[in-house]
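Heads up: the structure comes next, in structure tokens.
The values are calculated or read from the model by the stated rules, or taken from the named source; none is laboratory data. Because the structure is predicted, anything quoted here is derived from the model rather than measured. Note that we place each Cβ from the backbone using ideal geometry, even for glycine, and neighbour counts take in every protein chain shown.
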Amino acid sequence: MYQKNDELIATVVATGANGEGIIKDENFVIFVPFCLPQEKVKIKLLKVEKKYAYGKLIEVIEPSPFRVKPFCDVFGKCGGCQLQHVNYDKQIEIKKRTILDAFVKVAGINVDINDVVCGSSVVRYRNKLQLPVTQTDKGLQIGFYAENSHRVVPVSDCPINPVWTSDIIKCLTEYMQKNNLKGYDEFNHTGDVREITAREVNGSLIITLVCLKKSIKNVNDFVEILKQRIDKEFTLYLNINDLKTNVIYGEKFVLVHGKSEYDCNMLTIKHSMGVRSFMQVNDEVCAKLYSKVKDSIDFDKTPVVIDAYSGAGLMTAYLALDAKKAFGIEIIPEAVAIANKLAKRNGLEDRITNYLGKCEDILPNLVQSESKLNDVCVVLDPPRKGCDIKVIKALLTCNVSRIVYVSCKPQTLARDIGLLTGSLIEKDGILTKNDCDINGVYKVDELTMFDMFPNTKHVESIACLSRK
Ligand SMILES: C[S@@+](CC[C@H](N)C(=O)[O-])C[C@H]1O[C@@H](n2cnc3c(N)ncnc32)[C@H](O)[C@@H]1O
């Protein structure tokens, strides 16, 4: 019926899981980014499948009262933000609905969101900048990738990134132009600079220039240019990445200027941040999220905590302040080494054991042995794909009193909670909805949403479950 490049005028009826507008024609669905329910819009179809299509917004004919003017010049072009055209209260409503819809669609359960936690600012909230640097027929391009693409949209600043973003871009441009250096040409695998990243730690910056070759011309020039413009203490690393890959960093980091690490303190836990450390991008909301995890655990009832997918161990240490014993499980060796250092530094090494490995391999035996001795709470903070089924099965069969599940992807959160509450059943890798009497092992006590990434489609949430 519909064909690619068709233009049509239609009314948006809902918002999709990625913040886009949804248009329906009987059973045919069209997904169109940057438009809102009730808006009358003119669109063009870019890709048409049998039952659905993707469209591009051409004109808003009748705007929603929730539409606002985006504050960034490249909104809609760069892939960073999806919701700048929506006022903030409505953004929260959209994200809330995305989470609740995921529970209904994926798991067949109705839940409530008890609380929505936001930061004090919806701009400049990120502590970490990451910019690809490319060379095209238009010359040097420093910016962000367009959505689902490797085309760089050049920027001179980014309002959700820190205030020093424009200085970093200016310094890099000056250095590269002065030394006739080239950005990365992905097609020919040539060039000098692939990316620049910068992370603010306790008022100082850790900057990394990702290069294609083992060294780069006159790197001290870059240090001098940075010194002139950046009014902060800073560190500069070179990272060498000569592989044809989407992974940002190569194995090797070379310290060019400044300290290798910086001390910081979060929620009374002392730690240091280096170039490889993983931390959430929004410090303020991250602290609120960790506090919520801790407040959700009654340490008198569950004195032992297993922090699964524990990263660099900050949350494990924070929980160990109140727990009799805390275990971390993490797959990345460097992160586990940092977690061990952090435990020692905070005098918690007797109370923390960090395991290196996969949760699916370690957690089943660990919960089984620990739950025989003490009541156990398991904190889950998996990557976007959610928990491995072996982790879920271990939680269903062992006597775990409480689960606190931190999630950055509502759909996989809903799937895993469905399995834990019994609304979903897994057999031979296939999930089916359990329409009979739900008689699962856990019940959902509370669901809280955290707006860690305002103006984008991304959202964090915490689900607290207890054993029935
Ligand atoms: C969303 S992060 C959470 C990190 C940490 N809880 C925090 O707050 O910083 C997910 C972590 O899980 C780790 N990871 C991914 N797959 C894993 C697996 N199968 N077993 C153990 N850890 C895994 C990743 O390396 C990453 O550190």
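Among the residues of segment 231-257, what is the count of those that are buried (at least 18 other Cβ atoms within 10 Å of the Cβ) and more than 23 Å from I331 (Cα to Cα)?
Counting residues in segment 231-257 that are buried (at least 18 other Cβ atoms within 10 Å of the Cβ) and more than 23 Å from I331 (Cα to Cα) gives 6.
Determine whether T353 is out of contact with any helix residue (DSSP H, G or I) (no Cβ under 7 Å at 6 or more places or on another chain) and either part of a helix (DSSP H, G or I) or away from the ligand (no atom under 12 Å from the Cβ) (or both).
When the stated conditions are applied, T353 passes them.
Looking at this structure, is E224 surrounded by fewer than 17 Cβ atoms within 10 Å (Cβ to Cβ), more than 27 Å from C286 (Cα to Cα), out of contact with any Pro (no Cβ under 6 Å at 6 or more places or on another chain) and modelled with pLDDT of 95 or more?
It is true that E224 is surrounded by fewer than 17 Cβ atoms within 10 Å (Cβ to Cβ), more than 27 Å from C286 (Cα to Cα), out of contact with any Pro (no Cβ under 6 Å at 6 or more places or on another chain) and modelled with pLDDT of 95 or more.
Pairs please, first residue from segment 136-151 and in contact (Cβ under 8 Å) with a residue 60 or more places away in the chain, second anywhere and not in a loop (DSSP other than H, G, I, E, B), Cβ atoms under 6 Å, 6+ apart in sequence or on different chains.
G143/V152; G143/V153; G143/P154; F144/C78; F144/V153; A146/V153
Suppose we keep only residues that are more than 13 Å from the ligand (Cβ to nearest atom) and of a type in the set (K, R) within segment 379-431. Which one would you say is surrounded by the most Cβ atoms within 10 Å (Cβ to Cβ)?
Among those that are more than 13 Å from the ligand (Cβ to nearest atom) and of a type in the set (K, R), it is R415.
Show the residue pairs that are 6+ apart or on different chains and have beta-carbon atoms under 6 Å apart, the first residue being within segment 217-235 and more than 13 Å from E200 (Cβ to Cβ), the second being at pLDDT 95 or above and in a helix (DSSP H, G or I).
So the pair list comes out as D221/Y175; F222/Y175; I225/C171; I225/E174; I225/Y175; L226/C171; R229/D167; R229/C171.
Which condition number does K42 fail, the rest of (1) surrounded by fewer than 18 Cβ atoms within 10 Å (Cβ to Cβ); (2) outside any strand (DSSP E or B); (3) not acidic (D, E) being met?
All conditions pass for K42, except number (2).
May I ask you to verify whether L83 is at pLDDT 95 or above and under 20 Å from D192 (Cα atoms)?
In short, no.
Can you confirm whether segment 236-246 contains a residue that is more than 13 Å from the ligand (Cβ to nearest atom), in contact (Cβ under 8 Å) with a residue 12 or more places away in the chain and touching a helix residue (DSSP H, G or I) at 6+ places or on another chain (Cβ under 8 Å)?
yes
Could you check, for segment 71-92, whether at least one of its residues is surrounded by 15 or more Cβ atoms within 10 Å (Cβ to Cβ), of a type in the set (A, V, I, L, M) and in a helix (DSSP H, G or I)?
Yes, segment 71-92 contains a residue that is surrounded by 15 or more Cβ atoms within 10 Å (Cβ to Cβ), of a type in the set (A, V, I, L, M) and in a helix (DSSP H, G or I).
Among the residues of segment 122-147, which ones are assigned to a loop (DSSP other than H, G, I, E, B) and within 27 Å of D283 (Cα to Cα)?
Of everything in segment 122-147, those that are assigned to a loop (DSSP other than H, G, I, E, B) and within 27 Å of D283 (Cα to Cα) turn out to be V122, V123, R124, Y125, R126, N127, A146, E147.
Output the number of residues of segment 318-332 satisfying the condition of being more than 6 Å from the ligand (Cβ to nearest atom) and over 23 Å from K372 (Cα atoms).
Of the residues in that region, 1 qualify.
Residue-wise test of (1) closer than 11 Å to L140 by Cβ; (2) at pLDDT 95 or above.
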residue	(1), (2)
I160	no, yes
T165	no, yes
I168	no, yes
L172	yes, yes
K178	no, yes
K182	yes, yes
V193	yes, yes
N202	no, no
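Among the numbered criteria (1) among the charged types (D, E, K, R); (2) surrounded by fewer than 17 Cβ atoms within 10 Å (Cβ to Cβ); (3) not in a loop (DSSP other than H, G, I, E, B), which single criterion is violated by K95?
Of (1) among the charged types (D, E, K, R); (2) surrounded by fewer than 17 Cβ atoms within 10 Å (Cβ to Cβ); (3) not in a loop (DSSP other than H, G, I, E, B), only one is false for K95: (2).
Within segment 273-286, count every residue that is within 15 Å of the ligand (Cβ to nearest atom) and touching a strand residue (DSSP E or B) at 6+ places or on another chain (Cβ under 6 Å).
Selection size over segment 273-286: 3.
What are the residues in segment 131-143 that are within 15 Å of N246 (Cα to Cα) and surrounded by fewer than 21 Cβ atoms within 10 Å (Cβ to Cβ), if any?
Once the filter is applied, which keeps residues that are within 15 Å of N246 (Cα to Cα) and surrounded by fewer than 21 Cβ atoms within 10 Å (Cβ to Cβ), segment 131-143 yields nothing.
Can you pull out the residues in segment 248-281 that are acidic (D, E) and in a strand (DSSP E or B)?
D263
How many residues, within segment 413-462, are in contact with a helix residue (DSSP H, G or I) (Cβ under 6 Å, 6 or more places away or on another chain), small (G, A, S) and under 14 Å from N110 (Cα atoms)?
Total meeting the criteria: 3.
If we scan segment 285-292, do we find a residue that is surrounded by fewer than 17 Cβ atoms within 10 Å (Cβ to Cβ) and among the aliphatic types (A, V, I, L, M)?
So far as segment 285-292 goes, yes, one or more of its residues are surrounded by fewer than 17 Cβ atoms within 10 Å (Cβ to Cβ) and among the aliphatic types (A, V, I, L, M).
Residues of segment 292-311 being part of a strand (DSSP E or B) and either near the ligand (Cβ under 9 Å from one of its atoms) or touching a Cys at 6+ places or on another chain (Cβ under 6 Å) (or both), which ones?
Matches in segment 292-311: V305, D307, A308.
Under the condition of being small (G, A, S) and under 21 Å from Y262 (Cα atoms), which residue from segment 324-357 is modelled with the lowest pLDDT?
The extreme case among them is A335.
Taking segment 15-37, which residues are surrounded by fewer than 15 Cβ atoms within 10 Å (Cβ to Cβ) and closer than 23 Å to P65 by Cα?
N18, K24
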